[in-house]
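Asker: Here it is: the structure, laid out below.
The values are calculated or read from the model by the stated rules, or taken from the named source; none is laboratory data. Since this is a predicted model, take the numbers as computed values, not measurements. Note: ideal-geometry Cβ built from the backbone for every residue, glycine included; neighbour counts use all protein chains shown.
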Amino acid sequence: MTNLFIFGVARSGTNLLARLLNTHPKINLLLDPFLPIFKSLLKESVSINHKLKKINKIRYLPDYYFFDDIEILLNEIFYNISLKTKIPVSEKDKLYEEFKNRILLENKIKLDNSEKKKIGNYSDYFDLVNKISKNSSEDIEIFGSKEVWSIEFIPSISRYFKDSKFIIINRDPRAIIMSMISLGKKDPSQRANIISYARQWRKNIEIFSILTNMKNFKENLLFLNYEDLLNKTSFIIKKLEDFLDCDLSNDLDLNISGWRGNSSYKKVSGISKKNFGNWEKFIPRDIEDLIIFLCYKEMLGLQYKIYENVKNMRLDAIKKAFFKFREEKNFWDSLCDNPILEYEYELKRFEFSKNNINKLDNNLFLSKVL
């Protein structure tokens, strides 16, 4: 049996991929159960180090950029955090309620409250999800979950589940952010911050780069593009077959029957090109410039189409847009307390990227820290 986890940024296709795989009779992945677990685990794991006390104040999982003690923090995350960490007594009841509410959002399951008594360590939540996933059918051979925002916990999961496999799905950050903006217009509670999304996106790309250079990860790690899933579906299914060692082509329902999809534009069913590229029609110039400014190096590496005249981008307009979105109420927690200094860091990061300097500042690029 194979333990499988899918990671990505919200609006990048994690739901689509997980639901597609779930149409296979031998696969069952739960949707988004672990976010409160990861947040609590991070806080508890770094709480004993006074240099990392700022983490205790976070509301969301951070992107880790521009933190004074970033090397200490990333070493803790990649090499020391253990799922076997004991849950503080003061956290137990609250965490279980958050987990229960989270897991019931997208999954049609009955969560037995008696399970609460069996949970003492964070790993017990992962064992519980696996038990639910595996027990859904006697035919299940591939089980696990999909999650957003939390790619940095792959090493911790891998240490606990020795033979686990991981899929990271990626999408053009401009498409992700425009999808988020479109969704937020329909449902204001879904609004999120452009800077926060962009940094979480580039965090995913940088951490994937770190993982590929760590021992024992390459053969258990698969990187996919959402765009390829829609436009080269057969090719991606073949990659998934090889990665999972499972015949998929004859047993997947590409229409994902019973699921209406969660497109921010016109409703579609399953794998569909109907809304592909819609973001290009609607994206304002200042938002596109800001996204490229924040994500230039990573977008360039992934060969996304960006302005040919990027060296002449309007930095005055970008600066104005940066402070506009940085000051929004829905801006996620930053580990840098000074917005002016933060912009200066972003500008320096962009200049490094644009000029293709080989030696990059450790405080600006996560992938150069470890």
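Asker: If I ask for residues that are surrounded by 15 or more Cβ atoms within 10 Å (Cβ to Cβ), closer than 30 Å to D228 by Cα and either under 23 Å from the mean Cα position of the chain (by Cα) or not hydrophobic (A, V, I, L, M, F, W, C) (or both), which ones from region 303-331 would you list?
Answerer: Y304, I306, listed by residue number.
Asker: Within 14 Å of the chain's Cα centre (by Cα), surrounded by 22 or more Cβ atoms within 10 Å (Cβ to Cβ) and assigned to a loop (DSSP other than H, G, I, E, B) - does that describe any residue in region 172-192?
Answerer: Yes.
Asker: Quick check: anything in region 47-54 β-branched (V, I, T) and either outside any loop (DSSP other than H, G, I, E, B) or touching a residue at least 60 places away in the same chain (Cβ under 8 Å) (or both)?
Answerer: No, every residue in region 47-54 fails to be β-branched (V, I, T) and either outside any loop (DSSP other than H, G, I, E, B) or touching a residue at least 60 places away in the same chain (Cβ under 8 Å) (or both).
Asker: Can you name the condition, by its number, that I167 falls short on among (1) surrounded by 17 or more Cβ atoms within 10 Å (Cβ to Cβ); (2) more than 16 Å from the chain's Cα centre (by Cα); (3) more than 30 Å from D289 (Cβ to Cβ)?
Answerer: For I167, the failing item is (2).
Asker: To continue, here is another question. Kindly provide the set of residues from region 75-97 that are in a helix (DSSP H, G or I), aliphatic (A, V, I, L, M) and in contact (Cβ under 8 Å) with a residue 12 or more places away in the chain, ordered by number.
Answerer: I77, L95
Asker: Restricting to region 1-30, give me the number of residues that are over 25 Å from I194 (Cβ atoms) and either of a type outside the set (V, I, T) or modelled with pLDDT under 95 (or both).
Answerer: Looking only at that region, the number is 16.
Asker: Of all residues in region 98-126, which are loosely packed, with under 15 Cβ neighbours inside 10 Å, in contact with a helix residue (DSSP H, G or I) (Cβ under 9 Å, 6 or more places away or on another chain) and not in a loop (DSSP other than H, G, I, E, B)?
Answerer: Correct list: N101, N113, K118.
Asker: Could you grab me the full set of residues in region 320-338 that are under 20 Å from N363 (Cβ atoms) and either assigned to a loop (DSSP other than H, G, I, E, B) or at pLDDT 95 or above (or both)?
Answerer: F322, W332, D333, S334, L335, C336, D337, N338
Asker: Right, next: When only residues in region 55-74 that are in contact with a Leu (Cβ under 7 Å, 6 or more places away or on another chain) and assigned to a helix (DSSP H, G or I) count, which is surrounded by the fewest Cβ atoms within 10 Å (Cβ to Cβ)?
Answerer: I72
Every residue, every condition in (1) of a type outside the set (V, I, T); (2) in contact with a Leu (Cβ under 9 Å, 6 or more places away or on another chain), yes or no:
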site: E91; (1), (2): yes, no
site: K94; (1), (2): yes, no
site: I103; (1), (2): no, yes
site: L111; (1), (2): yes, yes
site: K116; (1), (2): yes, no
site: G120; (1), (2): yes, no
site: S123; (1), (2): yes, yes
site: I132; (1), (2): no, yes
site: S137; (1), (2): yes, no
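Asker: Being touching a Lys or Arg at 6+ places or on another chain (Cβ under 7 Å) and among the hydrophobic types (A, V, I, L, M, F, W, C) narrows it down to one residue among I167, I140, I154, I132; which is it?
Answerer: Exactly one residue qualifies, and that residue is I140.
Asker: Are any of the residues in region 139-149 within 18 Å of the chain's Cα centre (by Cα), at pLDDT 90 or above, assigned to a strand (DSSP E or B) and more than 30 Å from N113 (Cβ to Cβ)?
Answerer: no
Asker: Continuing with the same structure: Starting from residues that are basic (K, R) and closer than 26 Å to I87 by Cα, keep the ones in region 1-54 and report whichever is surrounded by the most Cβ atoms within 10 Å (Cβ to Cβ).
Answerer: Filtering region 1-54 for residues that are basic (K, R) and closer than 26 Å to I87 by Cα, the one surrounded by the most Cβ atoms within 10 Å (Cβ to Cβ) comes out as K39.
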